[in-house]
Structures are given as C-alpha cells and as structure tokens.
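Asks: Would you mind keeping the following structure in view while I ask a few things?
The values are calculated or read from the model by the stated rules, or taken from the named source; none is laboratory data. Note that this is a predicted model, so its numbers are computed, not measured. Positions of Cβ are backbone-derived with ideal geometry, glycine not excepted, and every protein chain shown enters the neighbour counts.
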Amino acid sequence: MTSKPYQLYYWPIPGLAEASRVALTLANLDWEDIAIDGTMFAEMKNDGTLPWGMVPLLQTPDGPLAESIAILRYLGNMCDLIPANPYHAAKVNEFLDGIGPHSGILDGTFSIDDKEERTRVREALFEADAKGTKSLTLLQEKISESSTGWIASTPTMNIADLKVFTHVFGLFSGNFDGIHKSILADYPQLVEYHNRVANEPRIKAHYAVLPEGSLRWTYQPNAFSSL
Ligand SMILES: N[C@@H](CCC(=O)N[C@@H](CS)C(=O)NCC(=O)O)C(=O)O
C-alpha cells in the first residue's frame, strides 16, 4: 500500500476524477493516483471502502471523501481556485451543481456491448436537438456570457473551469466510440475557451509532458486547432 497522505482512486481514464487530479497537483499535495480495475472496484465496493459505492474516492489524512464535486470543492480551497468574494464563490458552486447532468451525457451507453450499436447511439447524441448537442450548446452559451472568459465570470480561473474543461474536452479524446473531435467545429467559442484554459500557465505546465498515447492530449494547447 502507498504511504502518500492523499490517494485518489479511479479508473485509469480522466473521467470524473480529472479535475481533482489537476487540483491535487496545483495544490502541491503529496498524492498518488491509484488506477483501479474491475476486481479492485468490486473489492472496495464490497468491503465498504466506498461511502456511496462509487468512485472517485479520495483518501485524505482526515478520512475518505467521495463524490467528485465534493472532492473538487475540498481541493479547491487548497489550490486557491475558490474565489474569496462570496458571490463569485456562489457562482462557482452554481456551475459545479449545474454541470451535473452534463457530466453524465454518455450514461447508458457504457453498458452497450456491441461496438457498432454503442457507436451509433453515441453519434445520435450529437445530432440536431439531441442531448449532447443541447449540452454543448448550453455550455457554449454560458462561456459566451462570461464577462471574464472564465466560466463563472470570476476574475481568475476557478474550480468550475477545471470541471468544465476536463469534462467537455475529455469527451473528444478518442476514448469513446462515436464521439468525434470534428463535432467541436460547430462550437468555436468552446474551442476558444479550450485555448484559454489550456494556456493558463498552471494548466499548461500540468499537461506539458504526457506519455505516448495519453488520452490527455485534449487538454494541451492547440489540441483542436485543426478541426
Ligand atoms: N455522483 C458521483 C457519480 C460517480 C460515478 O458515477 N462513478 C462511476 C464511475 S465513473 C461508478 O463508480 N460506477 C460504478 C457503479 O455505479 O457501480 C460522483 O460525481 O462522484
């Protein structure tokens, strides 16, 4: 077992844990990214390690913490990505709560075993008026309404930006059959937002060096410059 004070348990993909991984690094915490597999997940679920039976889970020196957004809020304090102004902080919370249904855009597709069927169902999500299209359209609108360029109109980047950035652009990594990066060509302001967050110095440094074949290429500057 690890001796690090903080341990993040999740599947070896960005997914619901990615914003918290970034926050752990930006907070300069001594942490370990623990990639679970199906066997480990079943064990953790059965032995009561997972408070709500799901991952991500963060083990902290004070005890376990579940729920991806609760984890992100906890870490947000430590990496200085929660605004001091109460209204700004509340707007960040509004976005973190509001993004919930958007995070589950692919729910129901993971259990489709047949690859062709899974691909077809996911492609349909991004047809006109379908769930994925509505989600990206709304998020683009929210970004366009921002007075500062950061999702919740805060003066500087905040944890809601970590969440929106990792969620939206994680969709297009190639990890999900049927979700093609060309979809983003219809969302120029989302791509502009991508460049803003990806070029934020701490984010840029975080993703500067990636292992061969990493799904996280979608978080690097200019990832979507050729759509
Ligand atoms: N609301 C939870 C949802 C977590 C969630 O859906 N986790 C999935 C993995 S991405 C899971 O553990 N699924 C296993 C199960 O439901 O048995 C959060 O945001 O942390």
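Asks: Can you name the residue in region 113-139 that is surrounded by 16 or more Cβ atoms within 10 Å (Cβ to Cβ) and among the β-branched types (V, I, T) and, of all such residues, is nearest to the chain's Cα centre (by Cα)?
Replies: To start, the set of residues in region 113-139 that are surrounded by 16 or more Cβ atoms within 10 Å (Cβ to Cβ) comprises 118-119, 121-123, 125-126, 131-133, 135-136, 139.
Those left that are additionally among the β-branched types (V, I, T): 119, 121, 133.
Details: T119: 22, V121: 22, T133: 18 Å.
Going through the qualifying residues, I end up with T133.
Asks: Select the strands (runs of 3 or more DSSP E) contained entirely in region 24-92, then report the ones holding at least 1 residues which are more than 29 Å from A152 (Cα to Cα) and of a type outside the set (D, E). So that I can check it myself, show each step before the final result.
Replies: Details: elements: 31-35, 57-60, 63-66.
So the answer is 31-35, 63-66.
Asks: Is there any pair with a first residue in region 47-73 that is within 8 Å of the ligand (Cβ to nearest atom) and a second that is assigned to a helix (DSSP H, G or I) and among the aliphatic types (A, V, I, L, M) whose Cβ atoms are under 6 Å apart and which are 6 or more apart or on different chains, and what are they?
Replies: L50/M44; P56/L16; P56/A17; S68/L16; I69/L96
Asks: Restricting to region 165-221, what's the tally of residues that are aromatic (F, W, Y) and either part of a loop (DSSP other than H, G, I, E, B) or in contact with a strand residue (DSSP E or B) (Cβ under 9 Å, 6 or more places away or on another chain) (or both)? Lay out the reasoning, then the answer.
Replies: In the first step, residues of region 165-221 are kept if they are aromatic (F, W, Y); the result is 165, 169, 172, 176, 187, 193, 207, 217, 219.
Next cut, either part of a loop (DSSP other than H, G, I, E, B) or in contact with a strand residue (DSSP E or B) (Cβ under 9 Å, 6 or more places away or on another chain) (or both) only: 172, 176, 187, 207.
Number of matching residues: 4.
Asks: Follow-up. Take I13 and decide whether it is in contact (Cβ under 8 Å) with a residue 60 or more places away in the chain and either among the small types (G, A, S) or within 14 Å of the ligand (Cβ to nearest atom) (or both).
Replies: Yes; evaluated as a whole, the condition is true for this residue.
Asks: Can you tell which of S103, S111 is under 17 Å from A19 (Cα atoms) and either within 16 Å of the ligand (Cβ to nearest atom) or in contact (Cβ under 8 Å) with a residue 24 or more places away in the chain (or both)?
Replies: Values: S111 fails: under 17 Å from A19 (Cα atoms).
Only one candidate qualifies: S103.
Asks: Test I151 against the criterion of being under 28 Å from H206 (Cα atoms), in a helix (DSSP H, G or I) and in contact with a helix residue (DSSP H, G or I) (Cβ under 9 Å, 6 or more places away or on another chain), and give yes or no.
Replies: Values: under 28 Å from H206 (Cα atoms): yes; in a helix (DSSP H, G or I): no; in contact with a helix residue (DSSP H, G or I) (Cβ under 9 Å, 6 or more places away or on another chain): yes.
It is false that I151 is under 28 Å from H206 (Cα atoms), in a helix (DSSP H, G or I) and in contact with a helix residue (DSSP H, G or I) (Cβ under 9 Å, 6 or more places away or on another chain).
Asks: I'm trying to understand the selection: among the residues of region 16-46, which are without any contact (Cβ under 8 Å) to a residue 60 or more places away in the chain, within 9 Å of the ligand (Cβ to nearest atom) and either buried (at least 17 other Cβ atoms within 10 Å of the Cβ) or in the same structural domain as A160 (by TED's automatic domain parsing) (or both)?
Replies: A17, F41
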